[in-house]
């Protein structure tokens, strides 16, 4: 990214009047969609009492520094899901065994 964190390609598109395409360039480079970008900037503004420009630059700087954050988050989420699913499966098996034992005990 160049200048104030806005890619040169996006600046050229904006100068040519292609504003929608200009907005898409940094979003594609960061992997964010428009809602994610808006939410990140809004959260940064709220928590740090920053103006719009300062919040945008803070978010862009963070994404430049931690470009793989989405991949790491998804991997961590999948690991946590597997851990919880394994525990849930164990609990369900134990409940099934207890229910079977109780029914067997009642029938005896």
Cβ-Cβ under 6 Å pairs, at least 6 apart or on other chains, segment 3-31 side closer than 18 Å to residue 63 by Cβ, far side modelled with pLDDT under 70 and outside any loop (DSSP other than H, G, I, E, B): 8/2; 31/70
Selection status of residue 43, modelled with pLDDT under 75 and farther than 16 Å from residue 7 by Cβ: no
The one condition in (1) within 20 Å of residue 8 (Cα to Cα); (2) touching a helix residue (DSSP H, G or I) at 6+ places or on another chain (Cβ under 9 Å); (3) at pLDDT 75 or above that residue 61 fails to fulfil: (2)
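The values are calculated or read from the model by the stated rules, or taken from the named source; none is laboratory data. Since this is a predicted model, take the numbers as computed values, not measurements. Methodologically, a virtual Cβ is constructed for each residue, glycine included, from the backbone with ideal geometry; neighbour enumeration extends over all protein chains shown.
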